[in-house]
Each structure stands twice: as C-alpha cells, then as structure tokens.
Amino acid sequence: MNNTLVLLTAAFPYGSSEPFLETEITYLAQGFNRVVIITADTKNTNIRALPPNCEVLRMDIDFTVKLRLKSLLNYLNPLVKEELTTVEKAYRLQPSKSILKTMLISLERGEKTAQFIAQQHFNYATTVFYSYWCDDTALGLALLSQKQLIKAVSRIHGWDSYFERSPINYLPFRQFITEHLRQIISISQNGIDYAATHWQVDKNKFLLSRLGINGQQQLDLQKGNEFTIMSCSNIIPLKRVHLIADALHQITDYKIKWIHFGDGTDMPTLKTRLTTLPGNIKATLRGRIPNVEIYAAYHAEKPHLFINVSSSEGVPVSIMEAMSFGVPCMATNVGGNGEIVTNENGCLLPSTPSADLIAQEIKRFIGMSSATYTQYSNAAFQTWNTAYNAAQNYTALVNNLKSL
C-alpha cells in the first residue's frame, strides 16, 4: 500500500512562491501517512506552516560554475545523442548552442536529483514520487526509474508545457520524461492536447487533474456609483498588464477603481502609464502580498470584474479565486483560459486583444442590468464549484496517486 508521498518542488514551503500548493498540501497530507517535501530552495529562511506529517529536505541543484563545467561531460551521454536526434527530426529545430547548453545542464541537474533521492533510501514499494513541475526534478525521477522500479509522476502547468514559453522554443527531454514516468498530470486539457502533439508522445500517459481552491463565500456584488476591477499577476511582458491601463485610458465617463496584485520588471513602466489616467479612474498597485490578504481584499472591495490579459497561461489560479467569490472574469483565449472563462461567466477575449476591445467589454459590464450581471456572477461561482473545487479535485488526485 502506498503510504509515503515524496513531493518535489521549486521552493515550497520556503518563501512565497507556489502559493497554490498551500491548499493542495493539506489534501496530500490527509491522503498519505508521510509526506516528504524535497525542495530546490536552499537559501530562503521563511517557511510556511505545514501539516504535522510533513517533513522537508533541501536539495542543492543550483546553477553553479562547477555544475556548468561538469555538465559538459554529458555531451558523451547517449541520452544527449538521442535528444539531439529528437530535436532535429521530431521537433524540426536546429540544435543550436543554446539548445545544447540547456540540454547538458538539465541532464546534470536531473542526475543530481536522482542521486539525492537514491541517498534517502525510500521504500520504493510503498512510496509515490510527485514532481510538481515538469522540469529537471521530473527528469531526475525519469532517470531514477531506469535503475529502480519506482512510481513517479509529474504535473505540467504552463511554462513547463509549451515550447513557445521558452526563449529557445525548446523544453528538454520531454519524450524521455513521458516514457519513464507513470503519468503526466496536466492542469488543463489544452496542456494535454499540446503536449501530445508538440512533444510527440503517447496521449494515454496523461491525466487531466485541475487545480482547485477551497470554497469561498459568494459575494453580493451590487453595482453602485463606482465599478471595481481586480487583476492579479506578475507585471512582466508575458502578462501584458499595460493593456488594462491602456483600456482604462479610453474610459472617461464612468467612475472606476482598479486594483492590481503582483509585481515584476514592468512595474516602473506601468506606474508611469498610471500617472496619465483620467480623473475618473483610481488605480492601486498592491504589489505581491500573501493570499490571505488578497482574499480579504475581495471581501473589502467586492470587485465587479476580474481581468487577465496574458499572452500565455495554463489555467490561472487567480481566475479560480475570483470565480469562487462569484466575480465574472475577462481573459484572453490562450492556453487553458478557454476552459474556465466563457461568455456566460465573463468574457473570453481574442488571444491578442486591442485596448479598444478591452475598454468596450469593460463598459458592457458596467452598463448591463443588475439581473443580467447577477446571472454572470452566479455562472462564475458555479464554474468554480463544478470544475475547480479543491475538495473534489485534490481528493480525486490523492486517490489516483495512491492507486499507482
């Protein structure tokens, strides 16, 4: 019987990244007698609260000069030759210096992961290994499975699924990982369809297991003299937060409050754009804050619309959160967004919308009757309850992991 789960993460439970695991870990801990979290974060000292049957191991696979130099020896590894063939013949890519460098370093980090796990002397007969990201730790599990009979899976989200999210249009060893793990668990159907086609792997190895959040109280969203918009994402080129600002520049006849959570490299540029907003628009950049404070803001601000204009996504947890409060959502039709946002619970924009269109749709929501708006709000809440309810989704995930 599987009674130990080994969860591999990038940083969790340290720092503030991977906040969605804060919910999932509760269900994982309920389903297994023992949960061992192996994190690649070796520096952060801030650790989040964990269930009592969880323990943490820190694994050092940092990009050091020594690791980079050692990775050059992997050029002689037969796996590299096979991967170069895959890149050229299956992916139709020229094996550039950047691709080869990524390949060699990924393999070195994967081998270090496999060695670290082997040194812990887990009982493989009763242990399930779960890499939260399809990255070098998932490769490490695949490498270990060549030597040991282990039960190992990996999730895929967005950046670890879509080649286009990589600066070199390539993600290493995807065929090898898929072949040697029991399952690839995707947060979206779009991720499964994409991987099967672009990675050129067996679609039967994939399982759809959506993320989820715990139930919130559906807000009573009455429209008054001010229309409140909320958004939540990193402020980086990929997320295109500036489009929201550009759209609001075009609305001069409604009183609007816009609240954004998150920060990033484009923050200075965005702040400059906000200085020229018309007087009827009040914009607040709250920065990166804990989820509990974001939830409190939902209750305090009672937003009427949530907006995501990213150029690439998996299925954003931020949209799930908004819908759990009954907030209609506007999002671009990229990645898995179309699986959660519809024209019944919000507005599904084209993948590259203009600021004019975004402004037009904002004004449509402002101008709709209370009865029509309530229908959108109820549909948003039901979308969360039906497809993104943590209790349902994570219980099913745990049962799947235990049955491997």
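The values are calculated or read from the model by the stated rules, or taken from the named source; none is laboratory data. Remember, predicted model here, so these are calculated numbers, not experimental data. Note that each Cβ is placed from the backbone with ideal geometry, even for glycine, and that neighbours are counted across all protein chains shown. When the accessible area is computed, the model is the full protein with side chains, heavy atoms only, and any ligands, DNA or RNA have been set aside. Shrake-Rupley method; radii C 1.70, N 1.55, O 1.52, S 1.80 Å.
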key: Mean-position separation - Cα centroids, the range 355-404 and the range 121-198, in angstrom   = 28 Å
key: Accessible surface, the chain, averaged per residue in Å² (probe 1.4 Å)   = 42 Å²
task = Order the peptides 294-302, 383-391, 138-146, 48-56 from the highest to the lowest mean number of other Cβ atoms within 10 Å of their residues.
result = 138-146, 383-391, 294-302, 48-56
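May I ask you to list the chymotrypsin sites (Phe, Trp or Tyr not before Pro) in the range 85-151 that are in a DSSP loop and have at most 13 other Cβ atoms within 10 Å of their Cβ? The partial results should precede the final answer.
Working: sites: TYR91, PHE116, PHE122, TYR124, PHE129, TYR130, TYR132, TRP133; in loops: TYR91, PHE122, TYR132, TRP133.
The qualifying sites: there are none.
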request  = Straight distance only, please: which lysines reach the Cα of LYS147 with their own Cα at less than 26 Å, same-chain residues fewer than 8 apart left out?
outcome  = LYS66, LYS70, LYS81, LYS101, LYS112, LYS203, LYS205, LYS402
query = Taking amide H positions as placed 1.01 Å from N in the peptide plane, with prolines and chain starts having none, which residues 5 or more places from ILE185, or on another chain, fall under 5 Å of its amide H?
reply = SER154, ARG155, ILE156, LEU207
message = Rounded, prolate or oblate, given the Cα gyration tensor of the range 88-214, with a/c below 1.5 counting as rounded?
response = oblate
Three-way shape call for the range 1-145 based on the alpha-carbon gyration tensor, with the a/c threshold at 1.5 = prolate
request  = Compute log10 of I(q)/I(0) for the chain with the Debye formula, placing one identical point scatterer on every Cα and leaving out solvent, at q = 0.09 Å⁻¹, to two decimals.
outcome  = -0.58
request  = Please report, as a whole percent, how much of the solvent-accessible surface of the range 267-330 comes from carbon and sulfur atoms (probe radius 1.4 Å).
outcome  = 54 percent
message = Compute the distance from the alpha-carbon center of the range 11-47 to that of the range 272-338, in whole Å.
response = 25 Å
The chain - mean residue ellipticity at 222 nm from DSSP helices (-39,500 (n - 2.57) per run, n ≥ 4, rounded to 500) = -11500 deg cm²/dmol
task = Could you work out how far helix 21-31 tilts from the main Cα principal axis of the chain, as a 0 to 90 degree angle to the nearest 10?
result = 50 degrees
request  = Using only the alpha carbons of the range 32-103, determine the length spanned along each of the three principal axes and report them from longest to shortest in whole angstroms.
outcome  = 49, 30, 19
message = Show me, bin by bin at 10 Å from 0, the whole-percent P(r) of the range 154-310 based on Cα pairs.
response = 9, 29, 27, 22, 11, 2
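Decide, for the range 308-404, between rounded, prolate and oblate: order the square roots of the alpha carbon gyration tensor eigenvalues as a ≥ b ≥ c, take rounded if a/c falls under 1.5, and otherwise choose prolate if a/b is larger than b/c, else oblate.
On the way: a/c = 3.69, a/b = 1.63, b/c = 2.26.
It is oblate, given that a/c is not under 1.5 and a/b is not larger than b/c.
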query = Can you run phi through the Karplus equation (6.51, -1.76, 1.60; θ = phi - 60°) for the range 318-332 and list ³J(HN,Hα) in whole Hz, with x for Gly and Pro?
reply = 4, 6, 4, 4, 4, 5, 5, 9, x, 8, x, 10, 10, 8, 6
query = In degrees between 0 and 90, to the nearest 10, how far off the longest principal axis of the chain does helix 136-147 point, with axes built from Cα atoms?
reply = 30 degrees
ask   = Residue by residue through the range 373-385, which ³J(HN,Hα) values in whole Hz follow from phi under the Karplus form 6.51 cos²θ - 1.76 cosθ + 1.60 (θ = phi - 60°), with glycine and proline marked x?
value = 4, 4, 4, 5, 4, 5, 5, 4, 4, 5, 4, 4, 5
message = Working only with C-alpha atoms, what are the Rg and Dmax values of the range 217-366, expressed in angstrom?
response = 13.9, 36
ask   = From the backbone phi of the range 277-288, what are the Karplus-calculated ³J(HN,Hα) couplings (6.51 cos²θ - 1.76 cosθ + 1.60, θ = phi - 60°) in whole Hz, Gly and Pro given as x?
value = 5, x, x, 7, 10, 10, 10, 10, 9, 8, x, 8
request  = Output the relative contact order of the chain, whole-number percent, from Cα pairs under 8 angstrom with separation of 6+ residues.
outcome  = 15 percent
note = In the range 90-170, the trypsin sites (Lys or Arg not before Pro) that sit in a DSSP loop and have at most 10 other Cβ atoms within 10 Å of their own Cβ are ARG92
Rounded to 10°, Cα long-axis angle of helix 390-402 versus longest principal axis of the chain = 10 degrees
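Take peptides 305-311, 371-377, 265-271 and line them up by average Cβ neighbours within 10 Å, highest first, as a rough protection proxy. Please list the in-between numbers first.
On the way: 305-311: 23.4, 371-377: 16.3, 265-271: 14.0.
Peptide ranking by packing, descending: 305-311, 371-377, 265-271.
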